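Where a number appears in this text, it was derived from the coordinates with a stated rule and is not lab data. As the structure is a prediction and not an experimental result, all values here were calculated from the model. Here Cβ is always computed from backbone atoms with ideal geometry, including for glycine, and neighbour counts include all displayed protein chains.
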Amino acid sequence: MLERLRWIAQLLDSRYRVPGTQIRFGLDPVLDLIPGIGDLVSPIFALLVIVQGLRQRVPKVILLRMLFNALIDALIGAVPLVGAVGDVFWRANLRNLDLLERHAQPGRPPTRADYVFVFSIAALFGIVIAIPVGVGIFLMYWIIKTVGLY
């Protein structure tokens, strides 16, 4: 199963090379140019890798790291045209497969860097969510106080 996943990850992320450079790319950035289809291919593959990680008893922190890699990939890919270029450099599928192969039982236990990555991304997303919520609460309070409902 890992061999098939490796083949698909390379097809999506690094199968081809830009002539005259060391820059590699796969079908993922090309498919991103097709509305709807490109946005689904990478997340579906990420789900397959995470399910395989569950089957192989990969530590939860590594599964979370894989999920964050896929989320970052989705955020990069959400930006029209620029996202396709970003997908060339952020190879979430290969990153996740590497994590799966390294940490599959009886693999290597999670490192401090794995925990730092997961908690940093979680904190970043928490801040990104907290700021608009805080601004919204402040604006509601200001509107209520200004209109005189309070």
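Can you tell which of Gly136, Gly77, Gly53 shows the greatest fluctuation in a Gaussian network model of the chain with Cα springs below 10 Å?
Gly136
Between helix 112-147 and the chain, what is the angle of the helix's C-alpha long axis to the longest principal axis, kept within 0 to 90° and rounded to the nearest 10?
Roughly 20 degrees between the two axes.
For segment 53-67, just list the computed ³J(HN,Hα) in residue order, Karplus coefficients 6.51, -1.76 and 1.60, θ = phi - 60°, integers in Hz, with x standing in for Gly and Pro.
Running phi through 6.51 cos²θ - 1.76 cosθ + 1.60 with θ = phi - 60° gives x, 4, 4, 8, 6, 5, x, 4, 5, 6, 4, 5, 5, 4, 4 Hz.
Report the Cα centroid-to-centroid distance between segment 71-110 and segment 24-55 in angstrom, as an integer.
For segment 71-110 versus segment 24-55, the Cα centre distance is 10 Å.
Note down the net charge around Arg24, summing +1 for each Lys or Arg and -1 for each Asp or Glu among other residues with Cβ under 9 Å from its Cβ.
+2
Diagonalise the Cα gyration tensor of segment 1-132 and give the resulting equivalent ellipsoid semi-axes, square root of 5 times each eigenvalue, largest first, whole Å.
Ellipsoid semi-axes (Å, largest first): 24, 20, 13.
To the nearest 10 degrees, how steeply does helix 92-103 sit against the main Cα axis of the chain, on a 0 to 90 scale?
For helix 92-103, the angle is close to 70 degrees.
Suppose every Lys and Arg Cβ carries +1 and every Asp and Glu Cβ carries -1, with no other charges. What dipole size does the chain come out with about its Cα centre, to the nearest 20 debye?
Roughly 480 debye, rounded to the nearest 20.
Gaussian network model of the chain, Cα springs within a sub-10 Å range: biggest mean-square fluctuation belongs to which of Pro132, Pro29, Pro106?
Per the Cα network of the chain with a 10 Å cutoff, Pro132 tops the list.
Using only Cα atoms and rounding to the nearest 10 degrees, what angle (0 to 90) does helix 2-13 make with the longest principal axis of the chain?
60 degrees
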